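S.K.: A single structure is presented below for examination.
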Amino acid sequence: MEENLGHASLYALRLLLSGDPDLWNIIGVSFSVSVRAILISTPLAVVLAFLIAYARFPARHPLIAVLQSLQSIPTVVVGLLVYMLLSRRGLFGDLHLLFTQTAMVIGQIVIAFLFVVPMAHGVLAAADRRAWETARTLGAAPWRAMLTVMTELRFGLLAVAIAAFARIITEVGTSIMVGGNIESFTRNIPTAIALETSKGEFAQGIALGLVLLVLALLLNVFLGMLQGKGEMR
Amino acid sequence: MRLSRISLMLLLAATFVLLSPAQAEQKVLRLATTTSTENSGLLKSLLPAFEKSSGYKVHVIAVGTGKALRMGQDGDVDVVMVHARTDEDKFVAAGYGINRRDLMYNDFVIVGPKRDPAGIGAVKDPAAALARIAAKEAAFISRGDESGTYKKEQALWQAADTRPQGKWYRSIGQGMEQALQIASEMQGYTLADRGTWLALRNKLDLDLLVQGDNRLFNPYGVIAVNPARYPDVNYQGAMAFIAWLTSPEGQDQIAAFKIDGDSLFFPDAIQAKQAAPK
């Protein structure tokens with residue numbers, strides 16, 4: 001009861017610096033799961049966004065509207081759907097993936113995918129179509145021309161990917177449902193914060209929150225550097 | 001095209017990390033249990049000894065009793081350790097689980113604000129205490145989930161012949177720790193298992209008010225998920241776990257688990273005692 005924020009923060013720093021194995025294990029789970037998820041979902045999502053932005057097909061606008069609304073889907077709903085699919089009684093029950101890191105990766109892939117598609121579509125649709133047309137006129141195959149456009153827009157697309165990463169690494173609803181918050185296996189930073197808070201162990205929670213803050217800072221510095229490079233060209 | 005090569009490499013790396021096995025080849029035993037056994041620290045003190053002697057790695061999924069039983073029913077875990085005797089018997093009767101064993105017990109307590117606005121501190125009978133809280137419309141925090149604690153609370157309201165309704169009765173749908181913390185913040189009453197209460201009491205602005213009645217008895221059971229329904233559950237592991245927990249060694253370890261010198265759980269697999277602790 002005497003714990004105040006300052007005291008908890010100090011304790012948090014001590015935990016981080018002393019290399020508390022439990023803490024670093026939790027941090028490791030978070031990164032391992034979210035990096036896997038972002039690496040898998042982003043390329044697929046960007047390609048889909050490109051198709052929506054550059055290809056012409058019926059029902060394109062309704063599809064864009066649907067994809068944009070899907071961004072608002074609560075992550076717990078994604079978690080529930082993945083849970084039902086992966087449960088022993090679900091469609092993919094035979095794979096025995098529920099309460100594993102792979103289940104968390106799958107949940108985060110879905111969340112990142114639903115986030116990246118409309119955002120990347122925005123980046124791609126706002127861009128100058130001449131890059132695409134020039135490449136095509138010069139005889140580039142469509143996929144080649146697509147890579148040209150994406151190379152032109154790499155900073156915008158990278159920003160989208162980083163925003164998606166920030167979203168999934170801080171996400172708690174899906175992770176706790178399909179991962180089960182199993183110690184040293186599927187316990188990541190957000191689910192650990194939820195647990196420590198429920199136990200009244202605020203210092204541990206603050207320590208984990210600090211890690212996420214430091215990460216966000218690093219990401220933004222990295223992004224800023226890239227954008228700086230982009231401006232100089 | 002430099003970028004295409006990079007993206008190809010990223011894709012390959014992504015495929016590789018997804019396909020590579022995320023965990024070592026150690027045999028895993030999945031245990032669904034209640035938050036009271038996990039968050040009190042009991043399992044943390046028990047599991048290393050079992051894991052060492054059996055070679056299994058236990059994955060603990062801590063949820064309410066209702067959810068834990070549901071996970072067993074769906075075959076998503078191998079063994080369940082819960083505290084709601086009636087539901088456990090139904091679970092076994094329906095064929096979802098087999099080989100239920102008594103494991104240990106503790107008891108429920110009613111805690112509330114130190115100034116005790118409903119004046120239940122002098123009441124021994126838990127149902128009468130609840131009736132008094134309802135009559136005073138003093139704030140009461142209910143778990144409001146399918147946990148064993150919630151089921152006990154409902155049974156007590158029924159015994160008190162009261163249907164809790166109104167602004168004073170707050171159903172939160174969360175775990176025991178949250179219920180205690182909310183009770184502390186709102187200065188309300190709640191029903192808690194003694195283990196979680198002892199683990200948390202130093203962080204709470206609450207007092208223990210009612211305890212010791214037979215109706216507050218809180219037995220825990222451990223049940224293997226039926227391999228006839230799900231042939232690929234880790235039945236061997238589940239039975240090894242049940243055998244170890246109910247062995248003299250496991251039972252001694254349960255008895256030895258204390259917080260600030262207070263026992264949290266009392267083993268009863270070997271000599272089935274049937275009285276609530278004083």
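The values are calculated or read from the model by the stated rules, or taken from the named source; none is laboratory data. Treat the numbers as computed from the prediction; the structure is a model and nothing was measured. Ideal geometry is used to build each Cβ from the backbone, glycine not excepted, and the neighbour counts take in all protein chains shown.
S.K.: Test A:Phe99 against the stated conditions and say whether it is more than 14 Å from chain B (Cβ to nearest Cβ), of a type in the set (Phe, Trp, Tyr) and part of a loop (DSSP other than H, G, I, E, B).
M.R.: no
S.K.: So A:Arg89 fits all but one of (1) assigned to a helix (DSSP H, G or I); (2) touching a Gly at 6+ places or on another chain (Cβ under 9 Å); (3) at the interface with chain B (Cβ under 9 Å from one of its Cβ atoms); what number is the exception?
M.R.: (1)
S.K.: Being within 7 Å of chain B (Cβ to nearest Cβ) and of a type in the set (Gly, Ala, Ser) is the filter here; which residues of the range A:177-193 pass it?
M.R.: A:Gly180
S.K.: Also: Can you name the residue in the range A:195-210 that is surrounded by fewer than 22 Cβ atoms within 10 Å (Cβ to Cβ) and within 19 Å of the chain's Cα centre (by Cα) and is also farthest from the other protein chains (Cβ to nearest Cβ) among such residues?
M.R.: A:Leu210
S.K.: Here is a follow-up. Give, as residue ranges, the strands (runs of 3 or more DSSP E) completely inside the range B:172-278 that count at least 3 residues that are in the same structural domain as B:Thr33 (by TED's automatic domain parsing) and on the phi < 0 side of the Ramachandran plot.
M.R.: Filter on the range B:172-278 gives B:217-225.
S.K.: Quick one: in the range B:57-69, of everything that is part of a helix (DSSP H, G or I) and in contact (Cβ under 8 Å) with a residue 60 or more places away in the chain, which residue is nearest to the chain's Cα centre (by Cα)?
M.R.: Per the stated criteria, the residue is B:Thr65.
S.K.: Here are some conditions: (1) closer than 24 Å to A:Ser184 by Cα; (2) modelled with pLDDT of 95 or more. A:Phe113 meets all but one. Which one does it not meet?
M.R.: Of the numbered conditions (1) closer than 24 Å to A:Ser184 by Cα; (2) modelled with pLDDT of 95 or more, the odd one out for A:Phe113 is (1).
S.K.: Which condition number does B:Ala118 fail, the rest of (1) assigned to a helix (DSSP H, G or I); (2) among the aliphatic types (A, V, I, L, M); (3) not assigned by TED's automatic domain parsing to the domain that holds B:Asn226 being met?
M.R.: Of everything listed in (1) assigned to a helix (DSSP H, G or I); (2) among the aliphatic types (A, V, I, L, M); (3) not assigned by TED's automatic domain parsing to the domain that holds B:Asn226, B:Ala118 misses just condition (1).
S.K.: Does B:Phe140 satisfy the condition of being under 25 Å from B:Asp207 (Cα atoms) and over 17 Å from the mean Cα position of the chain (by Cα)?
M.R.: Yes.
Per-residue answers, yes or no, for (1) of a type in the set (D, E, K, R); (2) at pLDDT below 90; (3) surrounded by fewer than 16 Cβ atoms within 10 Å (Cβ to Cβ):
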| site | (1), (2), (3) |
| --- | --- |
| A:Ala126 | no, no, yes |
| A:Leu138 | no, no, yes |
| A:Trp143 | no, no, yes |
| A:Met146 | no, no, no |
| A:Val149 | no, no, no |
| A:Gly156 | no, no, no |
| A:Arg167 | yes, no, no |
| A:Gly173 | no, no, no |
| A:Ile176 | no, no, no |
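S.K.: Please indicate, with yes or no, whether at least one residue in the range B:86-102 is within 21 Å of the chain's Cα centre (by Cα), among the aliphatic types (A, V, I, L, M), within 30 Å of B:Ala183 (Cβ to Cβ) and modelled with pLDDT of 95 or more.
M.R.: There is no residue in the range B:86-102 that is within 21 Å of the chain's Cα centre (by Cα), among the aliphatic types (A, V, I, L, M), within 30 Å of B:Ala183 (Cβ to Cβ) and modelled with pLDDT of 95 or more.
S.K.: Of all residues in the range B:185-210, which are at the interface with another protein chain (Cβ under 9 Å from one of its Cβ atoms) and either under 14 Å from the mean Cα position of the chain (by Cα) or not acidic (Asp, Glu) (or both)?
M.R.: Within the range B:185-210, B:Ala199, B:Leu200, B:Asn202, B:Lys203, B:Leu204 meet the criteria.
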